[in-house]
Amino acid sequence: MRKLLLLLLILLIPTLAKAEFLSVENAWVRAAPPNARVMVAYASVRNISEYTIWITGAGSALFKAVELHETIEENGVASMVHVDFVKLAPGESVEFEPGGKHFMLFSPLASSSPGDSIEFKLHLGNGDKETFTAIVSRNQP
C-alpha cells in the first residue's frame with residue numbers, strides 16, 4: 001500500500017507542479033507577405049494567479065527569435081524599443097496591441113497564411129513557460 005501511494009504521488013507531481021499563471025486571449029499575428037523578415041503578434045494577457053508574474057521573453061518554433069517590444073513616442077516621433085520584462089500583479093492584465101506593447105517575430109522559418117495557427121511560449125521569471133496559440137489575420141479579429 002505504501003509503495004502504491006508513493007507511485008501515485010510520483011505520477012501526480014508533474015501535474016501538480018504545472019500551474020497556469022496566465023490567461024491569454026485574442027492572440028493574433030498580423031499576416032505578412034511570404035518574404036517578410038519581421039512580423040508582429042498581439043494578445044491580451046492576464047495574471048490569473050495569486051503571485052506577481054514577470055514575463056521575461058517569448059518564443060516560437062516558427063521564428064528564429066521572438067522579442068517583447070513597445071512603441072513609444074518622443075517629441076512626436078514614434079519608435080520601437082526592446083522590453084526586458086513585463087510585470088503583472090495578481091489579477092492585472094496587459095494588452096499587446098498595435099501602437100503599444102507587442103511581440104516582434106524575427107526571421108520566419110515557414111510561411112503562414114490568414115487562418116493559420118501559430119504556437120507561442122511566454123517565458124516567465126520563475127522559469128515556467130505558458131503556451132498559447134495565435135491566429136494569423138490581416139486585421140485584428
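None of the figures in this text is laboratory data; all of them are computed from the coordinates on show. Computed from a predicted model, the values in this text were never measured in an experiment. Positions of Cβ are generated from backbone atoms using ideal geometry, with glycine treated the same way; all protein chains shown enter the neighbour counts.
One table, with the values for the structure above:
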read-out: Tensor-based shape of segment 20-137 (alpha-carbon gyration tensor, a/c under 1.5 rounded, otherwise prolate or oblate); value: oblate
read-out: Computed [θ] at 222 nm, deg cm²/dmol, the chain (DSSP H ≥ 4; -39,500 (n - 2.57); rounded to nearest 500); value: -4000 deg cm²/dmol
read-out: Per-residue HN-Hα couplings for segment 85-90 [Karplus 6.51, -1.76, 1.60; θ = phi - 60°; Hz; x = Gly/Pro]; value: 7, 10, 9, 10, 6, x
read-out: Chymotrypsin sites (Phe, Trp or Tyr not before Pro), loop per DSSP, at most 15 other Cβ atoms within 10 Å - longest free stretch of the chain; value: 86-141
read-out: Most fluctuating residue given options M80, M104, M39, as computed from a GNM of the chain linking Cα atoms under 10 Å; value: M80
read-out: Loop trypsin sites (Lys or Arg not before Pro), segment 39-103 (other Cβ atoms within 10 Å of the site Cβ: 12 or fewer; DSSP); value: none
read-out: Derived scalar couplings ³J(HN,Hα) [segment 115-121; Karplus, 6.51 cos²θ - 1.76 cosθ + 1.60; whole Hz; x for Gly, Pro]; value: x, 5, 9, 10, 8, 10, 10
read-out: GNM result for the chain, Cα springs below 10 Å: residue of A89, A43, A78 fluctuating most strongly; value: A78
read-out: The chain: angle of helix 2-17 to the longest principal axis, Cα-based, in degrees nearest 10; value: 10 degrees
